[in-house]
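Remarks on the structure that follows.
The values are calculated or read from the model by the stated rules, or taken from the named source; none is laboratory data. Because the structure is a prediction, the values reported are computed rather than measured. Note: ideal-geometry Cβ built from the backbone for every residue, glycine included; neighbour counts use all protein chains shown. Just so you know, the surface numbers come from the protein's heavy atoms only, side chains and all, with ligands and any DNA or RNA stripped out. Shrake-Rupley method; radii C 1.70, N 1.55, O 1.52, S 1.80 Å.
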Amino acid sequence: MPGWEEMVAGLKRGRTGWLFAACVAVCAAQTFSPPAPLIAPAPPTTILEADSAAAKVVSLTGQVSVLRNSYPWALDVGDSVETKQIILTGADGFAVFQLSDGSTFQVFPNSRVTFRSNPGDWKDLLDLWIGRVKVYIQKLGNQPNPNRIFTPTAVISVRGTTFDVVVEDEKDTTLVSVDEGQVLVRHRLIGYSKDKVLTAGEYLRVYKDAPIAKNFDKERVVQRGLRAAAEALYTIILQSGGPAGPGAPGSGGGGPTVPGDTGGGSSDGGSTTPGGGNVPLPPPPPPPPPSG
């Protein structure tokens, strides 16, 4: 039978062997374990994305505001309109907004417009509820730049063009006219109505309860000239800061001439001179000579 000293020595040798085996196991685990996965970097900030989605006011006159928490807040040059915000203009209000890609849109007097009501799709640019907008879509290099404008009765799809959209009345009649490029017009309420492609100089009305007409009229050259002249006057007024003149926003015309506008005539039925005065009626013929 082993003595006490021999038993103690055996326990020491067993404990030492156990510690050695544990160390070997730990080292093996560290040697053959897969490397720790790399930690993915945090996503970049969305501030730039928010700025890219906004529209900046680059020119403004009269009463122009945006709804925030159901209250109108006056806009000024340099302010931004965020997605899903509603732009309102008064009887004298007119503003130009610029997008991050260089495209612009103008909002005319007595209008109500929602900016990018669908933030998940940047192609959905504006919802026009009443009034008039003019849109200038810039191409992305030589590539199309798809955008869509919605009204209660129509969807207007563009890829780089200049065009007007007007919601004319309480029946939501939509007028679309094209200055440059092409737009595709689709009826928003009548599914079986065929789409129509409009090119420069053409316009089309979309009625709430009728399919899109098979034929559309050509915009007359005189109307296009009047509209171009009025818009040039807009630019002069905005750059000079002078008072509103004939055809300027809030001066009674409601903006430049669009297809369907009619001019006024003389109220008394008389002819007029180039200076604006009435031409007097010719005198009556002299009486016949007395008979001899």
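Among the numbered criteria (1) assigned to a loop (DSSP other than H, G, I, E, B); (2) open to solvent by less than 40 Å² (accessible area, probe 1.4 Å), which one does Val133 miss?
Only one criterion in (1) assigned to a loop (DSSP other than H, G, I, E, B); (2) open to solvent by less than 40 Å² (accessible area, probe 1.4 Å) is unmet by Val133, namely (1).
Of all residues in the stretch 81-99, which are aliphatic (A, V, I, L, M) and in a loop (DSSP other than H, G, I, E, B)?
Once the filter is applied, which keeps residues that are aliphatic (A, V, I, L, M) and in a loop (DSSP other than H, G, I, E, B), the stretch 81-99 yields Ala91, Leu99.
Give me the pairs, please: first residue somewhere in the stretch 169-194 and under 14 Å from Ser157 (Cα atoms), second residue anywhere and outside any strand (DSSP E or B) and open to solvent by 100 Å² or more (accessible area, probe 1.4 Å), beta-carbon distance under 6 Å, and either six or more positions apart or on two chains.
none
Only one of these is without any contact (Cβ under 8 Å) to a residue 12 or more places away in the chain and part of a loop (DSSP other than H, G, I, E, B): Gly102, Gly78, Gly160, Gly120. Name it.
So the residue among Gly102, Gly78, Gly160, Gly120 that is without any contact (Cβ under 8 Å) to a residue 12 or more places away in the chain and part of a loop (DSSP other than H, G, I, E, B) is Gly120.
Look at Gln85 and say whether it is over 24 Å from Ile237 (Cβ atoms), in contact with a strand residue (DSSP E or B) (Cβ under 9 Å, 6 or more places away or on another chain) and at pLDDT 95 or above.
It is true that Gln85 is over 24 Å from Ile237 (Cβ atoms), in contact with a strand residue (DSSP E or B) (Cβ under 9 Å, 6 or more places away or on another chain) and at pLDDT 95 or above.
Which of the residues belonging to the stretch 165-183 are part of a strand (DSSP E or B) and either surrounded by fewer than 19 Cβ atoms within 10 Å (Cβ to Cβ) or not aliphatic (A, V, I, L, M) (or both)?
Matches in the stretch 165-183: Thr174, Ser177, Asp179, Glu180, Gln182.
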